[in-house]
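Structure, as structure tokens:
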Amino acid sequence: MKFIFPQNYRFKNKFLGIIDYSSLILNIVWDFFIFFIINFIFKDTSIKIFLFILFCLPILLFSIVGFNHENIIYILVSFIKYIKRPKLYFYSKHTK
């Protein structure tokens with residue numbers, strides 16, 4: 001079998017075909033950070049599990065599903081740029 005790919009097709013390396021490696025590394029770092037904070041503060045195991053799922057699952061789901069299959073790091077960078085310099089453009093129509 002021969003497969004023909006267009007020249008402008010971008011191959012994205014993904015872990016198990018699901019999540020980008022950069023997003024996976026971001027998720028692992030975030031999970032360890034949350035894990036250590038939760039272990040430092042709480043003693044009850046059920047509270048630890050609940051808080052870990054509460055803080056880590058949404059980030060993981062956004063990494064897998066994404067916004068239009070965009071990398072979560074690009075989304076965060078764009079969000080931070082917008083927070084630093086929000087711009088609103090109002091276009092007015094000049095009539096004669």
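Table for the structure above
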read-out	value
Some residue of segment 35-51 being closer than 26 Å to E70 by Cα and among the hydrophobic types (A, V, I, L, M, F, W, C)	no
Filter result (at pLDDT 85 or above and among the polar types (S, T, N, Q)) within segment 22-60	N27, N39, T45, S46
Matching residues in segment 66-77 - criterion: being part of a helix (DSSP H, G or I) and either surrounded by 12 or more Cβ atoms within 10 Å (Cβ to Cβ) or in contact (Cβ under 8 Å) with a residue 12 or more places away in the chain (or both)	I72, I73, Y74, I75, L76
Residues that are of a type in the set (S, T, N, Q) and either assigned to a loop (DSSP other than H, G, I, E, B) or open to solvent by 60 Å² or more (accessible area, probe 1.4 Å) (or both), drawn from segment 30-65	T45, S46
Segment 18-44 residues that are within 12 Å of L60 (Cα to Cα), paired with ones that are surrounded by fewer than 11 Cβ atoms within 10 Å (Cβ to Cβ) (beta carbon under 7 Å, 6 or more apart)	D20/K12
Members of segment 18-29 found to be open to solvent by less than 60 Å² (accessible area, probe 1.4 Å) and either assigned to a loop (DSSP other than H, G, I, E, B) or of a type in the set (D, E, K, R) (or both), listed by number	D20
Residue ID - farthest from the chain's Cα centre (by Cα), chosen from residues in segment 78-96 that are open to solvent by less than 100 Å² (accessible area, probe 1.4 Å) and at pLDDT below 75	S92
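The values are calculated or read from the model by the stated rules, or taken from the named source; none is laboratory data. Owing to the predicted nature of the structure, the values given are computational and were not obtained by experimental measurement. Virtual Cβ from ideal backbone geometry, glycine too; neighbours counted across all protein chains shown. Keep in mind that these areas ignore ligands, DNA and RNA; they rest on the heavy atoms of the full protein, side chains included. Shrake-Rupley method; radii C 1.70, N 1.55, O 1.52, S 1.80 Å.
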